[in-house]
Structure formats: C-alpha cells, structure tokens
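Working notes, beginning with the structure itself.
Bear in mind these aren't lab numbers, they're just calculated from the coordinates by the rules spelled out. The model shown is predicted, which means the values in this text are computed figures rather than measured ones. In this analysis, Cβ positions are derived from the backbone assuming ideal geometry, glycine residues included, and neighbour counts consider all displayed protein chains.
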Amino acid sequence: MFDPYVIRQDFPILGRSVHGKRLIYFDNAATTHKPRQVIDVLVEFYTKHYANIHRGYHTLSQEASELYESAHDVVAKFIGASSWDEIVFTGNTTDSSNILAYSWGMRNLKEGDEIILTVMDHHSNMLPWRKIAAIRGARVKYVDITSDGVLDYADLEEKVSERTKVIAFPIMSNVLGTINDAKRIAKIAHSVGAIAVADGAQSVPHMVTNVRQMDVDFLLFSGHKMLGPTGIGVLWGRKDLLEEMEPFKVGGGTIEDVTLDNIVWESIPWRFEAGTPNIAGAIGLAEAVKYLSKIGMNNVEKYEKELVKYTFDKIRELGDEIDIYGPSDLSLRGGIVSFNLRGIHHHVVGMLLDTYGVAVRTGMHCAHPLHYRLGLKGTVRASYYIYNIREEIDVFIDALRDIIKRRAEFGGGFSNIDSEKCTSG
Ligand SMILES: Cc1ncc(COP(=O)(O)O)c(C=O)c1O
C-alpha cells in the first residue's frame with residue numbers, strides 16, 4: 001500500500017490555505033489536482049520540445065510527434081487496450097461521448113432502433129445519445145435504480161430487446177458512487193447485438209480498468225479527473241468498430257487524401273483527432289498515468305474504499321441530521337459520498353464548509369434526472385483521491401457537526417438559490 005502522506009508532498013496546491021484554514025480538497029470527482037511530476041513534464045515539453053505534430057520533418061516536430069504518439073501507447077496499456085491506435089485523444093469525456101454518438105450513430109442508427117441509458121447517467125453521456133436518437137428517429141429508454149441506489153438489472157433485462165442498438169452507462173455514478181457491473185451490462189448488450197458504451201469518467205481514475213476483461217465496446221474518460229491536465233480526454237473503441245466509423249469532426253489531420261470530389265479518411269486514431277490536438281495535454285496525461293501506475297490502481301481503489309468506510313463510521317455520529325445517498329453496501333461504491341444536512345440548503349452547506357477550508361461540490365452534479373428520480377433539488381458531494389487523509393475527514397465531520405449546531409442561523413430563507421445550473425460534475 002502507498003503512503004498518502006508521502007504522496008501529498010507531490011501536490012504543491014495542498015500547501016495552500018483557504019480562509020486561513022488548511023485546504024481540504026474533497027472535490028475530486030469534479031477535477032483533481034496535479035502532482036509536480038505532471039506540472040514538470042508540461043514545462044519541459046513547452047520549454048524543450050514544443051512544435052506541432054505530424055506536420056514537419058524538423059527536429060522539434062519529430063520529437064513532439066513521438067511524445068504524442070507514445071502517450072497513446074501509455075494510455076492503451078493502462079486500460080488494457082489491444083493496441084495504441086484504439087486510443088483517440090479528445091477534449092474530455094463529454095467530447096468523447098459526442099464524437100462517438102455522432103460518428104457511430106449517424107452510420108448505425110435508424111428509425112425504430114432503441115438506445116438504453118440509465119437514470120444515473122451524467123448529462124455528458126446522456127445528451128449526445130438523446131440528440132442522435134432524435135436525429136435518427138431512434139427511441140431512448142432509461143434503466144431505473146433500486147431504492148438502495150444500485151442499477152436495477154432486472155429493469156435492464158426487461159427493457160432490452162432486438163431493437164436495442166446501444167446501452168450506455170456510467171461505470172461509477174458521480175453522485176451515488178455506485179459501481180456498476182460493466183461486464184454484466186456488456187453481456188446483456190451483446191446478447192442482442194447492441195454495443196456497450198461505458199462512461200469511465202469516475203472509474204478510470206480510481207480503479208483498475210481492463211476494457212478486454214469488461215468486454216465493453218467503447219470507453220470514455222477525462223484526463224483532468226486523474227491528475228492530468230484539462231482539455232484532454234479519451235475515447236477508446238474496439239478496433240474493428242472504430243475502423244468502420246466515419247469521423248464526426250472533420251478537417252486537418254483526419255484525411256489521407258482529398259480531391260474536390262473525394263475524401264479518403266486517415267487510419268485510426270488520427271481520423272477522429274481533427275485539427276491540432278492537445279499535444280501537451282496528452283503528454284501530461286501520459287505522465288499522470290505513469291504516476292498512478294506506480295502507485296497501482298488496486299491500491300488506489302482499496303485506499304479510497306477505506307476512506308469511505310472511515311467517513312461512514314464517523315458520519316454515524318451525526319445521527320438523524322444527515323441523509324446519505326447511494327448503496328449502503330460499501331463494497332458497491334467508490335470514493336464518493338453525497339448527502340444533505342436536514343433543514344439546510346446544500347449550497348449553504350457547501351459555502352459554510354468552505355469557511356472551514358473544506359472544498360466540496362454542491363448542486364445536481366450534471367445529473368438532473370437522477371436528482372429528480374431521488375426527489376432531490378441537490379446534494380453535497382465529498383469525493384476523495386489518493387492525497388486525502390483521515391485527519392481531513394475528521395475536520396470535515398467536525399465542521400458538519402458545527403454547522404448542524406448553528407443550523408438555526410442558516411436553515412430556511414434560502415429559497416432564492418434553488419435554481420441549479422450544470423457546469424461540470
Ligand atoms: C460520470 C461522468 N461522466 C462524464 C463527465 C463529464 O466529464 P468532463 O466534464 O470532463 O467532460 C463527468 C464529469 O463530471 C462524470 O462525472
């Protein structure tokens with residue numbers, strides 16, 4: 001097992017304070033901080049090797065191209081892909097989802113087809129499929145959750161049919177923390193000839209990922225949620241499926257040849273990486289992957305589960321004052337704890353926690369349908385990563401206890417902040 005106290009020394013931002021208190025960063029599901037190793041590799045790239053890729057025979061362009069290409073390989077190995085060219089670099093998970101829904105959907109969906117999503121999907125892996133469904137005349141169905149916040153597999157079995165062409169789902173819910181059984185869902189999809197699209201935005205940063213073992217067809221995730229820079233994401237696809245897809249975003253870099261009346265698309269993955277890509281982002285992501293691999297994703301998962309267990313043990317001390325969402329069986333959840341304090345608006349709780357130095361996310365976390373399904377206007381979400389420690393959870397729980405004591409000062413009177421806006425979740 002790794003030592004989180006040693007890990008913390010790699011993260012310069014953890015040295016800062018907020019409102020005179022030591023920063024406790026529990027907003028990792030929104031985005032994570034960057035270790036010095038990732039920051040350094042970006043500085044090194046920009047100061048020593050920077051140039052555009054695949055566009056010149058000069059030394060800098062060759063060096064940048066090599067670094068960018070090898071980043072594909074590093075990421076491919078990290079998720080158990082068969083080869084480097086199954087990795088398409090995108091802007092983020094949202095971008096991956098849009099590229100996939102249009103590139104695959106325009107070719108493969110027709111009127112009467114069905115797409116199955118889940119009520120726990122993040123908007124990023126829900127709206128692109130809804131949009132392409134509307135364009136192609138396909139129908140969308142939603143798999144429900146059980147009262148314990150687990151995906152309702154019986155409902156999925158009932159909704160799937162020969163008309164199903166896509167099942168898209170999150171491997172881990174960004175609100176409930178629920179870890180879904182990707183292999184089981186992929187098996188159900190394949191039993192009717194549908195593709196299984198796994199949103200790994202919350203799972204790839206936190207647990208071992210092996211696309212071949214899960215047997216899914218596509219996987220999407222974001223670099224910024226796993227210690228990498230912003231603006232870099234991944235769309236992994238099974239090679240045969242990627243090869244038969246035409247790109248949705250087109251332009252420079254996507255073609256092998258163009259005449260005024262013909263286009264020959266470039267081979268994968270370049271066909272899907274239109275324009276000058278986020279070269280530095282990809283190199284930074286590769287460094288983040290190397291950093292995580294050194295720790296071992298098994299260790300990351302195990303450690304975060306320990307933090308969640310510790311939180312649950314401590315949070316019980318708050319008694320009836322708190323409602324926690326998601327599976328009560330902790331083995332079914334990752335490092336996310338969403339809750340509400342009774343009688344205090346979630347945004348108020350978030351603002352107050354900030355005064356104790358604790359950064360959490362509040363709102364609907366880009367999962368409005370899930371909140372409506374739960375009958376909630378929002379939640380407070382604490383989400384952990386490798387640099388969080390038990391002492392921080394102690395401060396967090398003490399702060400909640402304090403806020404509860406002071407509830408009379410804050411309860412009610414905040415109806416003007418009911419409206420929710422989705423930024424990133
Ligand atoms: C489950 C899930 N899917 C997709 C996304 C979208 O990620 P991004 O904003 O990096 O595109 C998020 C991020 O918040 C998420 O939690």
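Some observations on this one:
- Local electrostatic count, residue 79, Cβ distance below 11 Å [Lys/Arg +1, Asp/Glu -1]: +1
- For residue 52, neighbours were defined as the other residues whose beta-carbon sits under 15 Å from its Cβ, and their charges (Lys and Arg +1, Asp and Glu -1) total -3.
- Selection from 192, 236, 260, by position along the positive dipole direction of the range 38-293 (Cβ): 192
- Taking each residue as 0.36 nm, the span from residue 243 to residue 5 lengthens on full extension beyond its C-alpha to C-alpha distance by 81.2 nm.
- Additional length obtainable on full extension of the chain from residue 18 to residue 293, 0.36 nm per residue less Cα span: 95.9 nm
- Euclidean distance between Cα centres, the range 136-172 to the range 34-69, Å: 42 Å
- Computed extension length for residue 402-residue 162: 80.9 nm, one decimal, from 0.36 nm per residue of separation with the Cα-Cα distance subtracted.
- Antiparallel content of DSSP bridges confined to the range 38-293, in %, to 5: 50 percent
- Dipole size of the chain about its Cα centre, with +1 on Lys/Arg Cβ and -1 on Asp/Glu Cβ: approximately 860 debye, rounded to the nearest 20.
- Rounded FRET efficiency, nearest 0.05, which uses the C-beta distance separating residue 60 from residue 183 and R0 of 41 Å: 0.40
- Axis of helix 279-295 versus longest Cα principal axis of the chain: the two differ by about 60°, to the nearest ten degrees.
- Angle in degrees between helix 59-78 and the longest Cα principal axis of the chain, rounded to the nearest 10: 60 degrees
- Cα-Cα over 26 Å, subset of 131/249; 21/314; 302/405; 131/159: 302/405
- Distance from the C-alpha centroid of the range 271-326 to that of the range 332-378: 18 Å, rounded to the whole angstrom.
- Rounded if a/c under 1.5, otherwise prolate or oblate - the chain, Cα gyration tensor axes: oblate
- Relative contact order (percent, whole number), the chain, Cα cutoff 8 Å, 6+ residue spacing: 22 percent
- On Cα atoms only, tilt of 297-315 relative to the major axis of the chain in degrees: 20 degrees
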